[in-house]
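Here the structure is laid out as structure tokens; the discussion comes afterwards.
The values are calculated or read from the model by the stated rules, or taken from the named source; none is laboratory data. Bear in mind the structure is a predicted one, so any value in this text is a computation, not a measurement. Cβ atoms come from the backbone with ideal geometry, glycine included; neighbour counts cover every protein chain shown. For accessibility, only protein heavy atoms count, side chains too; no ligands or nucleic acids. Shrake-Rupley method; radii C 1.70, N 1.55, O 1.52, S 1.80 Å.
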Amino acid sequence: MTTFVDRVELHVAAGNGGHGCASVHREKFKPLGGPDGGNGGRGGDVILTVDQSVTTLLEYHHSPHRKATNGLPGEGGNRSGKDGRDLVLTVPDGTVVLDGQGNVLADLVGHGTTFVAGQGGRGGLGNAALSSARRKAPGFALLGVPGEARDVVLELKTVADVALVGYPSAGKSSLISVLSAAKPKIADYPFTTLVPNLGVVTAGSTVYTIADVPGLIPGASQGKGLGLEFLRHVERCSVLVHVLDTATLESERDPVSDLDVIEAELKQYGGLDDRPRVVVLNKVDIPDGQDLAEMIRPELEARGYRIFEVSAVARTGLKELSFALAGIVAEARAARPVQEATRIVIRPKAVDDTGFSVVREEDGLFRVRGEKPERWVRQTDFSNDEAVGYLADRLSRLGVEDQLVKAGARAGDGVAIGPEDNAVVFDWEPSMTAGAEMLGRRGEDHRMEAPRPATQRRREREAERDDVQRAYDDFDPFK
């Protein structure tokens, strides 16, 4: 059973906004009560937040689909719908959020750090909010905007001060078990460690974390062994500790060549050249190991490494190592810039920024892209003629019609609003008159050439009643 997961693909969907309500106040002795439809509620957001008590992404490995609640629709009597609840997902410290193309969206470091992975849709306005001096009793309401849905990749990069790297069975797990209270699995076969182990070490007044990274082998940066899976866990460390086995039973290996191989893999992985290195010659409690350590020590010191001879079994040399690592960690912490509180930067749009664009495509279709036009289209109930006319008025006031004329559009040309996979396409009719004089009955708009079937049937019935009434008025029984 997998207990540690450090990379998952998460499918998040924010809540949809509630629809607005089209309602007219009806009360005895109040024949002109006016519109009283309430607004729809806002959809809930999907929020990622760092929790220090969470150490793995296992929960999202088993349940990768997460959705926030929708906002409720508005009601009559000026009652607005309830907002949807935000869905808060806790992630470990050091989680990186990526999009499908591998671009970094957020780097979540520090308890309480948050990132909105999915923005909830805004609720639609009711007809009470849409009423104006020109449109006193709208017979429509705006629909709620669908919530944002997307796929994100979560990658965990362990936040540790010290990272132990080395060949399998070099003694990294044994070393972290005696330096800290961590209890990793220890055995005499390669790749015993399958997940990074974290331990807390106290050396004097300095407290730091140490990570045991699964064993690296030649070709780890290209995917061999387990190295590629866990090399990301050394990216945030302040110091790299090479744990070299001085008592290896493999005749074709020696500590110096092991160091060269691991350094080559780290260099090929990239981004770790500026980290200080410390070399630990482990297993010096074995006679052959002590002899080999004394033999290779001058060569390693000539390369500029700080050398520590230790034995995790005999527990020798550990105090000197822990205090030396504490000093390096303290220097690294002091060199870091002081973290400031997150500043809220407000960047207002330019006054002359139209907020949309009109592009003529190869097939002659004119495509309108922009946050406002696309949102307005999603909020429009196309089964209501008055709502469609209201959309035409909004687009005209925004300047879409003028831009279409400049782009060369003519009457009858196809115009699409929105992306290719989710666009509304219509035949453009320029110079549509806008104003209260075009308004008819509630839910109707005289500019719509093809009224709804229900509207057409009502008009036919009214015409029949008018004909009957005229015939009755003209009837003279004395003739």
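With respect to T49, determine if the residue is open to solvent by less than 50 Å² (accessible area, probe 1.4 Å) and assigned to a loop (DSSP other than H, G, I, E, B). Answer is no for this residue.
Can you spot a residue in segment 368-378 that is surrounded by 14 or more Cβ atoms within 10 Å (Cβ to Cβ), modelled with pLDDT under 85 and in contact with a Gly (Cβ under 9 Å, 6 or more places away or on another chain)? Looking through segment 368-378, none of the residues is surrounded by 14 or more Cβ atoms within 10 Å (Cβ to Cβ), modelled with pLDDT under 85 and in contact with a Gly (Cβ under 9 Å, 6 or more places away or on another chain).
Looking across segment 105-124, the residues that are surrounded by fewer than 24 Cβ atoms within 10 Å (Cβ to Cβ) and either without any contact (Cβ under 8 Å) to a residue 40 or more places away in the chain or not in a strand (DSSP E or B) (or both) come down to D107, V109, G110, H111, G112, T113, Q119, R122. The set of residues in segment 58-71 being open to solvent by 100 Å² or more (accessible area, probe 1.4 Å) and either of a type in the set (K, R) or in contact (Cβ under 8 Å) with a residue 60 or more places away in the chain (or both) consists of K67 alone.
Being over 30 Å from K372 (Cα atoms) and at pLDDT below 95 holds for only one residue in L48, L58, and it is L58. Look at (1) touching a residue at least 40 places away in the same chain (Cβ under 8 Å); (2) surrounded by fewer than 18 Cβ atoms within 10 Å (Cβ to Cβ); (3) acidic (D, E) and you find that E148 fails only one, number (2). Are any of the residues in segment 28-42 on the phi > 0 side of the Ramachandran plot and either in contact with a Cys (Cβ under 7 Å, 6 or more places away or on another chain) or assigned to a loop (DSSP other than H, G, I, E, B) (or both)? Scanning segment 28-42, I find at least one residue that is on the phi > 0 side of the Ramachandran plot and either in contact with a Cys (Cβ under 7 Å, 6 or more places away or on another chain) or assigned to a loop (DSSP other than H, G, I, E, B) (or both), so the answer is yes. Based on what the data block shows, is T55 open to solvent by 30 Å² or more (accessible area, probe 1.4 Å), among the β-branched types (V, I, T) and touching a Phe, Trp or Tyr at 6+ places or on another chain (Cβ under 9 Å)? The answer is yes for T55.
On the stretch given as segment 79-95, residues that are among the aliphatic types (A, V, I, L, M) and open to solvent by 10 Å² or more (accessible area, probe 1.4 Å) total 2.
With respect to being closer than 16 Å to L10 by Cα and buried (at least 16 other Cβ atoms within 10 Å of the Cβ), P35 falls outside the description.
Can you work out which of the residues in segment 125-142 that are surrounded by fewer than 24 Cβ atoms within 10 Å (Cβ to Cβ) and touching a Lys or Arg at 6+ places or on another chain (Cβ under 9 Å) is farthest from L259 (Cα to Cα)? Here the residue is A137. The criterion of at least 3 residues that are over 19 Å from D427 (Cβ atoms) is met, among helices (runs of 4 or more DSSP H) falling completely within segment 354-413, by 371-378, 385-398. The set of residues in segment 137-179 that are within 19 Å of the chain's Cα centre (by Cα) and at pLDDT below 85 comprises L156, K157. T158 satisfies every condition listed in (1) in contact with a Ser or Thr (Cβ under 9 Å, 6 or more places away or on another chain); (2) over 28 Å from G102 (Cβ atoms); (3) part of a loop (DSSP other than H, G, I, E, B) except (2).
The set of residues from segment 1-45 being of a type in the set (D, E, K, R), within 19 Å of D107 (Cα to Cα) and at pLDDT below 90 comprises D6, R7.
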